[in-house]
Amino acid sequence: MMLLSRFWYVLISILLGVSLYAVYVAVGQYNRRNGVAMNEGLASDSQTVGWALQIDARRRLDLLLPGSVDPTVRASLGAANGKDTDKIPQKARDDAKRALGDIQGKFVDYKPDAIFAVDRDGRVIAQVGFEQVNSNGEFELGGYPAVFDALHGYLRDDTWVWGGKIYRVVSRPVEDDSTQPPVGAIVAIRAVDPQFAKDLAKRARTNIAFYAGNQRVAMASYEGSGEKFDDAAFELLAADLPKLVDDKIYKDSGRSDVHALSPDVGAMYARLPGDAWDLGAGFSVLRPRVSIKGPLGFLSGADDTDKKSVNWFVLAAVVLLGATLGILFSFLEHSLPMGELAAQARKLRKGELDYFQLPRFRGGYRPIAQDVNQGIERVLERGGGAARKPADLESILGPVPAQPAMSAFSFPLPDGSVPPQMSPGGPGGPPPSPFRPPGPPQPNPGTGSHQMRPQGPPQNGPGNFGHQMQQQQQQHHGGHMGPPGPPPRPNAGPNAGPNPFPPPRPNAGMPATSPFAQTTALGGPPSSPGAQHHQQHPADAYEPTQAALSPLQGGVPGLHTPAEEDEATMVGQVPADVLAAATGESARAAEDGTEEWLGVYDDFIRKKRECGEPTEGLTFEKFAQTLRKNRDALMQRHGCKRVRFAVYVKEGRASLKATPIKD
Amino acid sequence: MIRHLPSIQRSTLLAFAILVATGAAFAGPVRGRINGQEKLVPDVYAEAAKPDAHRYTWREPSPTVKPEFRVLSGNPLREICVAAISQQQQPAHEPAHLIKITGGRTVPATIAISNGTRLAFKNFDPFPHRLYIKDSQTWRAETINPNMQREFSLPAGGGKFEVRDELFPSLRSFILVDQFVADIAYPGRDGAFELNLSSGEYVLKAFFNGRLVGTSAVTVKDKGPFTMKDPFNLAEAPAPPAPGAPPK
């Protein structure tokens, strides 16, 4: 049936299906978790960048302190705040410019791009770093809230957008007299350029882009994570920035939800504080979303580091184990029985076997072999072969030689001759089975095929039914190959032992044959060599179940009830002279407790005569001797206390039925 | 061009122009001093100082600046416009009145002018501006590149116009049109101002953030100059009671 192999295939298929399911689920879960992680990462990045900008503003504000207390700057601003509100002294401008240059040069970190000195009216009296207004005397800064606050005594930061460029601004008041308002303010600006973005991206460890008015201003990717962010993803912002106008969360809270720029890139926007808040300026943090398209995506997306984490030993062990089990199962369930079939077929072809040995087959090969065996038998029957008969005592107990010296059932005829059919080795013996070449038996316990080999006269002497029965049992068990028969099914009665008489198998209706059925006449001539010489059916001989269920050969003790007559052990024909001789042995029979056999003997003689069978030479002594040996064999075999014999007629012939009785 | 001149010269020229136009006798400068300007806080800066305005991340007072100096009062020179309102209709001023765009605002931020006067907004910043009049369908936002200007002709009938800049939220300027405006002046840091008026009776009005914050009557004699004895007190008008609020 190849159950193991099929189970293995099913198991492999189930495992494959489960693996695929797990991989699909893993892909979905991986992508979902990555999406969540990306969202959380973007929120964290956005917050981090906001904090970094705060820190940046704080540092710039603090570093501007020296400029706010610079004496030259204070003096210049004081001079600019004179009574003449329309003219700023040139000296004040020049001094302030030099002072601002010195101040800017002292910056090591957070160096501003430009520094302005603003008088109380908001006019720029000097600046460094913003060359566009060098010749512009009208340039002012006083209208910006940051400068306005500084002129009123506040430190502040701001974000301006000048001409599409973003500037981070810090301003401080410049005080000359604590009893007076500040004389002016000092303002430092830092353009948000790629370098600024790069520094910020490095501090915040993220990819960042600044934008103003739906236009990207500066961007930088973080390269410290080992995976280079594709700068082309920044191009996706151009198409997404206009959508911020409709983003209510962004407009209200200043920070958007995650925008999917593409299936692989997410972005989160945040507005910059300051004037830029109302000018649509802000920053965006971007993160790649690592997603897997399908189960194979795990392989295509893996790098050498990922592959190094594979436990190749376990993987190889699993593959090896799976392959080994698969090969083993196919060997056990296919190659092995196929080889057995082939081997037996070769033996069959060579004549070493007459039938397939069914016990050596398993699964689907056994019914095939059984069919072949039945086919062989059918061919034989069609060609005049032996018909199957019910198993009688001889078929169970073994061959009964015609010679008295050979068998208890071989009763010498009054004339001292031996029935030809009872002398297997003699000239008058029954013709050999067409499947049995003449010759002595060749016991081959190891193969279990000896029962099919030519069976000459038993070598263990006459009356050795125990050995014969044992040998017969070995034959039924396939020699010594197999273990004893399976345990009998429990009997219906509570005190009953295991029932050795299970219902017959489906083909049990066919008359069982035995090699000993060739001597069915037990001194009488065979009715027909072809018809009377029964050969034990191979199916019966090799079917372990059948052998185990046989009451006498199964090696299983049990009771035999009359209702199971068909399954009861039957004794075939007993020569009448044996019965006659037995009549003189009543005393011995009484000693053996076999007085009841006298009645059996009488019944047997009567039945034989009624059936027209010869009874010459069948003495009671021989009859009792045969029954005794059978009884002993049965008692030894089944552990019963006694054996009851009964006479009945079957198929026109007197027969004996032995019933083991335990109590 | 008039804005490039000192205030006294500007006032003189303006008075002369009015004299020529109206035929009135030039009496001389009228000097005065405003008071209470430190309490006038521009709306845009007051709003920007609020934490929820998202205009800053750091804003803290300097510990060395006294609290009275930390009041976000407007700059009189830029924010407070003192206008002399005549009893006679005044002609349009020529040439166009120049308004500078720089520093996140316009200079001046508030102006009162007579009908028909043209205003020229000139950009003194090195980057463009986009000025527009709030709620106006005719003077919408247009880009004013550096050193370029854009004119605005005051419509007849008077009114108040608020000028804003799309690119600079801190820019909020106010134009007050009154056909009786004879002269305007912007006080200096000390609050002093000077108007050149012909003889006659005038009403001085101070405008701040587009609102009237002070009114004073003045009569100009034939002989000048005239100096106002009392300071011109400025104060925000009390806010109108909220609908349904009990009267005080």
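Listed by chain and number, the aspartates and glutamates whose C-alpha is less than 17 Å from the C-alpha of A:LYS629, apart from same-chain residues fewer than 8 away, are A:ASP392, A:GLU394, A:GLU585, A:GLU591, A:ASP592, A:GLU595, A:GLU596, A:GLU621.
Peptide A:177-190 shows a mean partner chain C-beta count of 2 within 10 Å per residue C-beta. Each of B:MET148, A:MET268 was scored by other Cβ atoms within 10 Å of its Cβ. Listed from fewest to most, they are B:MET148, A:MET268. Averaged over the residues of peptide A:155-163, the number of Cβ atoms from other protein chains lying within 10 Å of each residue's Cβ is 6.
Ignoring aspartates and glutamates fewer than eight residues from A:LYS202 along the same chain, the ones with Cα atoms less than 18 angstrom from its Cα are A:ASP45, A:ASP56, A:ASP109, A:ASP193, A:GLU223, A:GLU227, A:ASP230, A:ASP231. Projected onto their three principal axes, the Cα atoms of the range A:59-163 cover extents of 38, 28, 26 Å, largest first. Just check the range A:619-663 against the gyration tensor rule for me: Cα atoms, a ≥ b ≥ c as the square roots of the eigenvalues, rounded for a/c under 1.5, and otherwise prolate or oblate depending on whether a/b exceeds b/c. Because a/c hits 1.5 or more and a/b fails to exceed b/c, the range A:619-663 counts as oblate. The alpha carbons of the range A:179-283 occupy a box of 62, 34, 19 Å along the principal axes, longest dimension given first. Structural size metrics of the range A:1-95, computed from C-alpha coordinates, are Rg and Dmax of 36.2, 116 Å.
Taken over the C-alpha atoms, the range A:269-358 has Rg and Dmax values of 33.7, 110 angstrom. Using the structure shown, select from A:LYS91/B:LYS100; B:LYS160/B:LYS205; A:LYS111/A:LYS243; B:LYS100/B:LYS134 the pairs with a Cα to Cα distance greater than 23 angstrom. Table pairs above 23 Å Cα-Cα are A:LYS91/B:LYS100; A:LYS111/A:LYS243. Per residue of B:95-108, other chain Cβ atoms within 10 Å of the residue Cβ number 4 on average. Once you reduce the range A:592-645 and the range A:243-271 to the center of their Cα atoms, the two points are 109 Å from each other.
Each pair of Cα atoms in the range B:53-134 enters the Kirkwood radius, and Stokes-Einstein at 20 °C and 1.002 mPa s then converts it into a translational diffusion coefficient of 132 µm²/s.
With the highest mean first, a sort of the peptides B:188-195, A:284-291 on other beta-carbon atoms found within 10 angstrom per residue produces A:284-291, B:188-195.
All of the numbers you see were taken from the coordinates with simple rules; none came from a lab. Note that the coordinates shown come from a computational prediction; the quantities given were computed from them, not determined experimentally. Glycine gets a Cβ as well: all are built from the backbone with ideal geometry, and neighbour counts include every protein chain shown.
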